[in-house]
Amino acid sequence: MMNSIPTVTLNNGVLMPQIGYGVFQVPNDETEVAVTAALAAGYRSIDTAAIYGNEEGVGRAIAASELAREELFITSKVWIGELGYDATVAAYEASLAKLGLDYLDLYLIHWPAPASESYLDSWKALDMLLAAGRVRAIGVSNFLPEHLEKIIALGGTVPAVNQIEAHPALQQRDIQGANAAHGIATEAWSPLAQGALLSDPAVLAIADTHGRTPAQVILRWHLQQGRIIIPKSVTPSRIAENLDILGFELAAAELSAIDELERDGRTGPHPATFNG
């Protein structure tokens, strides 16, 4: 299955699977089972974060899988409470230890928390970890264009990825445009808007046309527009279903119909005001 998952070439040449498995809000004691199911279904990219409290569970699933490390793409994130140079380096080491890994494929600053701008010092720490070969790519999460500009103005590495809330009800085209202008890949968290759009008439009609589920239609919309996606489910059948989106294609009119579902439907905090 891994060979059929499309990849995105990040701005430093690293290949990242375009479809990954997210573990947000999965309790640590359930994470090993969920990630094991995802790996069995064919996922090779796993997205976690320090604040999720389930890096140990991810690590146990990786260890039990017997998959070669180079087959996997593992992402984690530094939380707001660990922003700053030294704290970020320590947080990285802690995440590695919990995951039982020697390196990460992608490490992200989870939120900019702009009140202090400590994310700038954290970025310098990520840049150091990248230069030292401790991580294959570095990026950010929930960064607005103005936060990206301040990172880029440091003159170091340009983020490889900006992971943002993105789904038909909140498309954040301004951020996607800023990402593209800097060669930064857009990764969508909550790509299904926590299920809010699965009963939308437009989505249902498209799903009926293709003999697919509404979730598959929305995930396919993301894929065809070039975003990286990390859908989450703990149900094995849905875990597999979310990966099974490569055998059909949405027409231009169908993509446009989904585009028209924009309604500023944010489900998470606003990055301009969220400081943890």
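The numbers here are math on the coordinates, done by the rules we state, and not lab data. Just so it is clear, the model here is predicted, and its values are computed rather than measured. Neighbour counts run over all protein chains shown; Cβ positions are idealised from the backbone, glycine included.
The percentage of C-alpha pairs in region 141-242 whose separation is greater than 18 Å is 50%.
Put a plus charge on the Cβ of each Lys and Arg, a minus charge on the Cβ of each Asp and Glu, and nothing anywhere else: the dipole of region 114-259 about its Cα centre is then about 400 debye. Helix 28-41 and the long axis of the chain differ in direction by around 60°, with both axes built from C-alpha atoms. Cβ crowding within 10 Å, taken as a proxy for footprinting-reagent exposure, orders Tyr21, Tyr85 from fewest neighbours to most as Tyr85, Tyr21. Using the Stokes-Einstein relation with a Kirkwood hydrodynamic radius computed over Cα pairs, the translational diffusion coefficient of region 216-276 at 20 °C and a viscosity of 1.002 mPa s comes to 156 µm²/s. Between helix 201-210 and the chain there is an angle of about 80 degrees, using the helix long axis and the longest principal axis of the Cα atoms. Count Lys and Arg as plus one, Asp and Glu as minus one, and take only other residues whose Cβ is under 15 Å from that of Glu70; the net charge is then -1.
Relative to the current alpha-carbon distance between Ala181 and Thr9, full extension at 0.36 nm per residue lengthens the span by 60.4 nm.
Ordering Val234, Val58, Val161 from the fewest to the most neighbouring beta carbons within 10 Å gives Val234, Val161, Val58.
Only Lys, Arg, Asp and Glu carry charge here, each on its Cβ (+1 for the first two, -1 for the last two); on that basis region 176-276 has a dipole of about 320 debye about its Cα centre. Only lysine pairs 8 or more places apart or on separate chains count here, and in the chain those with Cα atoms under 20 Å apart total 5. Normalised by the number of residues in region 2-259, the average gap of Cα pairs under 8 Å and 6 or more apart makes the relative contact order 18 percent.
Residue exposure proxy: Trp79, Trp123, ordered by other Cβ atoms within 10 angstrom of their Cβ from fewest to most, comes out as Trp79, Trp123.
When +1 charges are put on Lys and Arg Cβ atoms and -1 charges on Asp and Glu Cβ atoms, the dipole computed for the chain relative to its Cα centre reaches about 160 debye.
Beta bridges per DSSP, both residues in the chain: antiparallel share near 15 percent.
With a cut-off of 13 Å between beta carbons, the residues surrounding Glu56 carry a summed charge of -2, where Lys and Arg count +1 and Asp and Glu -1. Measure out, as a whole number of angstrom, how far apart the alpha-carbon centroids of region 77-130 and region 198-276 sit. Computed from Cα coordinates, the inter-centre distance equals 30 Å. When the GluC sites (Glu not before Pro) in region 35-144 are filtered for DSSP coil states and for at most 13 other beta-carbon atoms within 10 Å of their beta-carbon, the remaining sites are Glu66, Glu117. Packing order of peptides 170-181, 38-49, 258-269, highest average first: 38-49, 170-181, 258-269 (average count of other Cβ atoms within 10 Å over each peptide's residues). For the chain, the alpha carbon positions stretch 53, 42, 32 Å along the principal axes, listed from largest to smallest.
The residue list Thr9, Pro191, Ala64 was ranked by how far each Cα lies along the charge dipole of region 2-259 toward its positive end, using unit charges on Cβ atoms, and Thr9 comes out on top.
With a cut-off of 11 Å between beta carbons, the residues surrounding Val14 carry a summed charge of 0, where Lys and Arg count +1 and Asp and Glu -1.
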